[in-house]
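Step one of this worksheet: look at the structure below.
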Amino acid sequence: DQWDLSENEIGSQYGGELDPWARELAEETVAHAAELDARITAAALGWTADRLGVVERSALRVAIRELDRGDVPQEVAIDEAVGFAKRYASEEGARLVNGILGRIQREALTE
């Protein structure tokens, strides 16, 4: 969210030391933001990534990177993204995140 809103360096507004795994994931997410947004737009059925709220878009980007990396179980990546959207956006946002990630997960299985 911080990078998407302000384009500040990752972790610059965080008071502590970032976990190396979390920093790497965040940096990868930023580096692949345009590609991730294209995938979100393709799976969003009528919505473009830039029309989504910042929280929903950030949750989707990170979850897709986690799914691509494969170092977190798919169910965990999706559940965390949905929970993040529910907590910081809305129930509707959480349902949207769940639906988009479900489509992306199903498409990956058919490839």
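Would you report the distance distribution of C-alpha pairs in the range 14-53 as whole percents per 5 angstrom bin, up to the bin with the largest distance?
5, 23, 19, 17, 14, 12, 8, 2
What's the Cα-based Rg to Rh of the chain, Rh via Kirkwood?
The Rg/Rh ratio comes out at 0.94.
As I understand it, the dipole of the range 18-111 uses +1 on the Cβ of Lys and Arg and -1 on the Cβ of Asp and Glu, about the Cα centre. Which of ALA44, ILE104, VAL76 lies farthest toward its positive end?
ALA44
Run the numbers for ASP79 and ALA31: contour at 0.36 nm per residue of separation, minus the present Cα-Cα distance, in nm.
That works out to 14.9 nm of additional length.
Along its three principal axes, how long is the range 66-111 when you only count alpha carbons? Whole Å, largest extent first please.
For the range 66-111, the Cα spread along each principal axis is 31, 19, 11 Å.
Only helices at least 27 Å long along their axis, Cα-based, and averaging -1.0 or more on Kyte-Doolittle count here, so list those DSSP H runs from the chain.
Correct list, ordered by number: 91-110.
So how much slack lies between TYR88 and ARG103, counting 0.36 nm per residue of separation and subtracting their Cα-Cα distance, in nm?
Gain on extension, TYR88 to ARG103, equals 3.2 nm.
Would you kindly state how much longer the chain becomes between THR48 and GLU17 on full extension, computed as 0.36 nm times their sequence separation minus their alpha carbon distance, in nm to one decimal?
Difference between extended and current length: 7.8 nm.
If you place +1 on the Cβ of every Lys and Arg, -1 on the Cβ of every Asp and Glu, and leave all else neutral, what size is the dipole of the range 10-92 about its Cα centre, to the nearest 20 Debye?
Roughly 260 debye for the range 10-92.
Since every read-out is calculated from the coordinates, none of them should be taken as a lab result. None of the values given here were measured: they were computed from a predicted structure. Quick reminder, even Gly has a Cβ in these numbers, built from the backbone with ideal geometry, and neighbours come from all protein chains shown.
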